[in-house]
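The values are calculated or read from the model by the stated rules, or taken from the named source; none is laboratory data. Bear in mind that the values here come from a model prediction, so they are computed numbers and not experimental data. No Cβ is skipped: glycine too gets one built from the backbone with ideal geometry, and neighbour counts run over all protein chains shown.
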Amino acid sequence: MRRLLAIWAGKLAAAAGRLIGRKSSASPGELALRICPTLIDDINKIVKNKVIVTCGTNGKTTTNNLMCSALEAKGYKVLCNRLGANMLNGIASAYVQAAGISGRLEADYACLEIDEAYTPLVFKRVKPDIMVITNLFRDQLDRYGEIDITVDIIKRAISEAGKVKLVLNADDPLCVQFARVDGADAVFYGISEKVLPQVDDTKEGRFCPICGTELDFEFYHYSQLGAYKCPSCGYGRPEPDYDIRNVSLKTPIRFDINGKSMEVNYKGFYNIYNLAAVYAALDVSGEGTDDFGKLLEAYKPQIGRMQEFSLGKPVILSLSKNPAGFNQAISTVNTDDRKKDVIIAINDLVNDGKDVSWLWDVDFHKIKDENLNTLSTTGIRVYDISLRFKYAGIDVDMMTDSMKAAVEAALRTDSEVVYILVNYTALYSTEGVLNELMKGYKG
C-alpha cells in the first residue's frame, strides 16, 4: 500500500508541476521516496532483459537517451530517466511516470543516467548489467572536488556493483583505468585516427593515473582524449573493440565503426563518442547493430543539445557545464562558416556550482574567428564572463541581465545564425525565452 501511495503521490506532483509549467524531473521522485524509501529497489526484478547505466562528466544524457531511443525503435519497453535527473530522486521520478495507476510497472530494459557521485548509492538499490562511462573532466569543483575524488567514487561503485560489463572510452586515460578494478570486465570504444587540428588545448588528465608521469600523445582530439602512452610504466590506450575511423564532421556526420559506415544528422565531434558508446552497449547487450542508423532516426535531442529554434534565422542552444564542454561547444561554433552572433550565459546557483573559477580554464580566445559578428554576455555572473573575455582580448558587444534582450538584439543583426551557450540553470529559462519568441514570430 505504501508503494502504491508513493506512486500516486508522485504522479499527482508531476501533474501539478506540468500545470504550472515546471519540468518536475526530480521532485515527484523525491516525494515518492519519502513515502516509500524502497520504491526503486525492485527495478532488477521488473526489468526482463538488462539494466544499462551511463555516467561520466559530459555526454551522459545524450548517450542514455540515444540508447533508450534505439531500444524503443526495436520495439522494447524501456524505463528511462530522459530529462537528465540522475540522482535517486530522478530515477524514482522515472519509475513513478512509467508505472500504471495500479502501481504495476513492466519494462524490457532500463536505461538510467547516473550522477557520478551517486553511483555507490544507486548501486546499493539497482545492480547494473552494463555500465557505460563516457569521460571524466573537472566539473563543479565545489561539489565534486578534483577528478581523483570522482575516480575513487566510481571505483568503489564498480566494486559494489557485482557482475557488470563496463563500456569504456579507450581515448580517455582516466576512463581506461576502471578496467583495472578487481573483477572488472571491460570493452572499449575509441576514435583511432587524427581528426581535429592539433592546436593547444587544456589537457585535464594528462598525467598517468597509475604512476603520475606526464603522458605522451601521438595525437589528441580534445582535452585528454586521444592516443596516449605513459613513457614510464607503459600504461596506454588499449586497442578499441569498437574502432572508429574515416570521420567526416560535415553535417550529416559520417564515420565507420568496425568497418560499418554510419551517417547521422547531428552536430559536434563529441557526438561520435556518444554514438559509439551506444553502439558498443547495444552489441554487448546482445542486440543487433546492423540497423544502427535507422534505430536513431526517431531520436530527438534533449533541450540544449545543439537544439535549433527557427526565428527568421536559426538560433542554436547548447548546454555547456565545464571547461571541456565549453571548449567543444566553441569548436562546434567555429566549424560553422556562417556569419554568427554568440550569446553566453553563466549562472552560479547550487546546480551550477558556486565556484566559477573554471571559466579561466576555458579556451574562450578561440571564439574569435572571422565569422563572429557580435558577442553578448548575460546571466548571474555576467561580469565574471565579461572580464574573462577582456583578458582573452575579445570585445563584448552587449552585457545584459536579460536573455530576451540579448536574443532580440541578435535577431536584429545581419548574421546568418545565432549560437547561445549556457550553463545548467540558465538552460530552461533560455528555452522558455526562445519558445516565447517563437510564438510571437509565428503570430
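Checking Asn274 against (1) in a loop (DSSP other than H, G, I, E, B); (2) of a type outside the set (Phe, Trp, Tyr); (3) more than 12 Å from Ala70 (Cα to Cα); (4) out of contact with any Phe, Trp or Tyr (no Cβ under 7 Å at 6 or more places or on another chain), which single condition isn't satisfied?
Among (1) in a loop (DSSP other than H, G, I, E, B); (2) of a type outside the set (Phe, Trp, Tyr); (3) more than 12 Å from Ala70 (Cα to Cα); (4) out of contact with any Phe, Trp or Tyr (no Cβ under 7 Å at 6 or more places or on another chain), the lone unmet condition for Asn274 is (1).
Checking Met87 against (1) buried (at least 16 other Cβ atoms within 10 Å of the Cβ); (2) out of contact with any strand residue (DSSP E or B) (no Cβ under 8 Å at 6 or more places or on another chain); (3) farther than 12 Å from Glu113 by Cβ; (4) among the hydrophobic types (A, V, I, L, M, F, W, C), which single condition isn't satisfied?
Going through (1) buried (at least 16 other Cβ atoms within 10 Å of the Cβ); (2) out of contact with any strand residue (DSSP E or B) (no Cβ under 8 Å at 6 or more places or on another chain); (3) farther than 12 Å from Glu113 by Cβ; (4) among the hydrophobic types (A, V, I, L, M, F, W, C) one by one, Met87 breaks only (3).
Of the residues that make up the stretch 140-154, is at least one touching a residue at least 24 places away in the same chain (Cβ under 8 Å), charged (D, E, K, R), buried (at least 18 other Cβ atoms within 10 Å of the Cβ) and in the same structural domain as Ala281 (by TED's automatic domain parsing)?
no
State all residues of the stretch 235-271 that are part of a loop (DSSP other than H, G, I, E, B), modelled with pLDDT under 95 and loosely packed, with under 14 Cβ neighbours inside 10 Å; if no residue qualifies, say none.
If the condition is that a residue be part of a loop (DSSP other than H, G, I, E, B), modelled with pLDDT under 95 and loosely packed, with under 14 Cβ neighbours inside 10 Å, then Lys250, Thr251, Pro252, Gly259, Asn265 are the ones that fit.
Looking only at the stretch 38-52, which residues are within 24 Å of the chain's Cα centre (by Cα) and closer than 19 Å to Leu71 by Cβ?
Passing the criteria: Ile43, Lys50, Val51, Ile52.
Out of the stretch 409-431, which residues are in a helix (DSSP H, G or I), at pLDDT 90 or above and not hydrophobic (A, V, I, L, M, F, W, C)?
Of everything in the stretch 409-431, those that are in a helix (DSSP H, G or I), at pLDDT 90 or above and not hydrophobic (A, V, I, L, M, F, W, C) turn out to be Ser429, Thr430, Glu431.
Quick check: anything in the stretch 19-35 closer than 28 Å to Asn271 by Cβ and in the same structural domain as Ala170 (by TED's automatic domain parsing)?
no
For residues that are closer than 15 Å to Lys163 by Cα and without any contact (Cβ under 8 Å) to a residue 40 or more places away in the chain, tally how many sit in the stretch 112-127.
Residues in the stretch 112-127 being closer than 15 Å to Lys163 by Cα and without any contact (Cβ under 8 Å) to a residue 40 or more places away in the chain: 2 in total.
Among the candidates Ala98, Ala70, single out the residue that is more than 24 Å from Leu349 (Cβ to Cβ), in contact with a Leu (Cβ under 7 Å, 6 or more places away or on another chain), surrounded by fewer than 20 Cβ atoms within 10 Å (Cβ to Cβ) and among the small types (Gly, Ala, Ser).
Going through Ala98, Ala70 in turn, the sole match is Ala98.
Looking at the structure I just gave you, is Ala9 farther than 30 Å from Gly325 by Cβ, touching a residue at least 12 places away in the same chain (Cβ under 8 Å), surrounded by 20 or more Cβ atoms within 10 Å (Cβ to Cβ) and not assigned by TED's automatic domain parsing to the domain that holds Ser429?
Here the answer is no, as Ala9 does not meet what is asked.
For the stretch 412-431, name all the residues that are touching a residue at least 12 places away in the same chain (Cβ under 8 Å), surrounded by fewer than 23 Cβ atoms within 10 Å (Cβ to Cβ) and of a type outside the set (A, V, I, L, M).
Selection gives Thr413, Asp414, Ser415, Glu416, Tyr424, Thr425, Tyr428, Ser429, Glu431.
How many residues are more than 29 Å from Arg237 (Cβ to Cβ) and of a type in the set (Val, Ile, Thr) when one looks only at the stretch 90-121?
Qualifying residue count for the region: 3.
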